[in-house]
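The values are calculated or read from the model by the stated rules, or taken from the named source; none is laboratory data. These numbers come from a predicted model, not from an experiment. Every residue, glycine as well, gets a Cβ built from its backbone with ideal geometry; the counts of neighbours run over all protein chains shown. All accessible areas refer to the heavy atoms of the entire protein, side chains included, with ligands and DNA or RNA removed. Shrake-Rupley method; radii C 1.70, N 1.55, O 1.52, S 1.80 Å.
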Amino acid sequence: MFRFFSKVWSNFREYIVLVIVVLLSLIILSQNQNLQVQKVRAIAFGSFASVSSIISDLFSTTDLKRENRELRETNAKLMLMLSKLRKYGITNDELRNLVQFKDTTAFPLIPASIVSKSLSFVQNSITLNAGSKDSVLAGMPVLNDEGLIGIIQSTAEEFSIAKTLHNVDLKLAVMDERSRINGILKWTGEELIMMNIPSTYDIEAGDRIVTSDISSIVAFPIPVGIVEEFKPDASGVFSYIKIKPFVDLATIDNLFILAVVKSKQVEDLELNFYRQ
Amino acid sequence: MKWKYIFPFIIFFFVYLVQITVVPFIRLAGVIPDLILILLVYYSISRGQLYGTVLGAGYGLLIDLISGNLLGLSMLSKTIAGFVAGYFTGESKKDTNVSTYNFSLIVLLCSIVDTIVFTFFSTFDLQTNILSILFEQALLPSLYTAVVSILFIFYPFRRRMF
């Protein structure tokens, strides 16, 4: 018996090892939601990110000149927009005082920059140099002046990982800003689409897409992108809506983390309502 | 003896640092080469299929831990890539396969296998079309990786280093 197994091992050991390792990979794949596994990942990427941040800082100095020029231009445009908005803000305050609205516009932003980017087309994620010591929590949106970039997935003490819009595991409730139609945004691996929209609904090319009020992840509307293409799918009942994101994920470097996580109290209340 | 098993992992960290910090600067139309795969193919051919399979698993697991991908995904794809590269080992063949343009062709094949497995399992859908994944997501990055691997053939110190 032992000789038989020994013979099988010596003739087929590469295949046996391949099968064992593949099975192990599939088992590990199935354990991704396990808390212990997530803790180990947080420690691993936190440790590596502290080293890669040093190297990436060295290389990012070459981009500074171009970035400064772009920032000066953006500043000039923002200055013009700001003076217009000041005027609207004064009018807004007067009207709010009249109806006694509560001011909810002060959003805390945590500045961060990208330490490393993942290599994958389909599971794109970024490592940021802000972590739990900066009050970053999983579930916080990541954005810049153009729009939404992604959602924080996990945090270590000084670093965090965010899934970007080009990650197949990130699905967000979004809506058309004009017609207020809601849908689910997802990355197919090739393009960003909004799913499950009946063909009769009012969505046109050029419409702005923002995160939805009913999203369980993002608390309020953040710009996501613009409708590029709108056409019925093979069934003819639902539509295929291709979205062009406002943010160019290939070139982002500096961004902000919005230090707001949707209220658990609100979520529990909503879930309890649907359970009844 | 043990140095033979530890050294590839030490090299991995340096190569991965280059991969995530320097390689994005040589991006072409959003496509970047995979230096880790080139390293894996080299070790599979030089040290055998069994070594390559296990090393692929190790590299893949480290990539998953560090990058935030689904844990086990790169482990699966790199294991299979290392196994496929091991088919080109052999006492008489390995020097030829490592020192000539055969190396780039092997890297191309293994990169296509790696990308297909990775993309298939990360976007699994009953409507997934393998041919679509092959042409749109596997071929370009694999070609770029194969072109970059040509530099490795001309690297004069690889025998001494590895």
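In table form, for the structure just shown:
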{"read-out": "Residue within segment A:105-121 that is touching a Ser or Thr at 6+ places or on another chain (Cβ under 6 Å), farther than 25 Å from A:GLY225 by Cα, buried (at least 19 other Cβ atoms within 10 Å of the Cβ) and modelled with pLDDT under 80 present", "value": "no"}
{"read-out": "Subset tally (residues that are open to solvent by 40 Å² or more (accessible area, probe 1.4 Å), part of a helix (DSSP H, G or I) and modelled with pLDDT under 85) for segment A:27-60", "value": "14"}
{"read-out": "Segment B:11-31, subset within 9 Å of another protein chain (Cβ to nearest Cβ) and open to solvent by 20 Å² or more (accessible area, probe 1.4 Å), residue modelled with the lowest pLDDT", "value": "B:GLY30"}
{"read-out": "Selection count, segment A:168-190, where residues are out of contact with any helix residue (DSSP H, G or I) (no Cβ under 9 Å at 6 or more places or on another chain) and within 13 Å of chain B (Cβ to nearest Cβ)", "value": "5"}
{"read-out": "Selection count, segment A:123-151, where residues are outside any loop (DSSP other than H, G, I, E, B) and under 15 Å from the mean Cα position of the chain (by Cα)", "value": "13"}
{"read-out": "Enumeration of residues in segment B:32-53 that are within 12 Å of another protein chain (Cβ to nearest Cβ), open to solvent by 10 Å² or more (accessible area, probe 1.4 Å) and either basic (Lys, Arg) or under 28 Å from B:VAL22 (Cβ atoms) (or both)", "value": "B:ILE32, B:ASP34, B:LEU35, B:TYR51"}
{"read-out": "Residue in segment A:8-26 that is more than 8 Å from every other protein chain (Cβ to nearest Cβ), modelled with pLDDT under 80 and open to solvent by 60 Å² or more (accessible area, probe 1.4 Å) present", "value": "no"}
{"read-out": "Unique residue being within 9 Å of chain A (Cβ to nearest Cβ), under 15 Å from the mean Cα position of the chain (by Cα), open to solvent by 30 Å² or more (accessible area, probe 1.4 Å) and within 24 Å of A:ALA44 (Cα to Cα) when the list is B:LEU76, B:LEU62, B:LEU70", "value": "B:LEU62"}
{"read-out": "Checking A:SER83 against (1) more than 9 Å from chain B (Cβ to nearest Cβ); (2) at pLDDT below 80; (3) open to solvent by 100 Å² or more (accessible area, probe 1.4 Å), the condition it does not meet", "value": "(3)"}
{"read-out": "The lone exception for B:GLY82 - which of (1) open to solvent by 60 Å² or more (accessible area, probe 1.4 Å); (2) farther than 27 Å from A:GLU190 by Cβ; (3) modelled with pLDDT of 85 or more it fails", "value": "(1)"}
{"read-out": "Residue match in segment B:136-150 (condition: at pLDDT below 75, open to solvent by 30 Å² or more (accessible area, probe 1.4 Å) and over 23 Å from A:TYR15 (Cα atoms))", "value": "yes"}
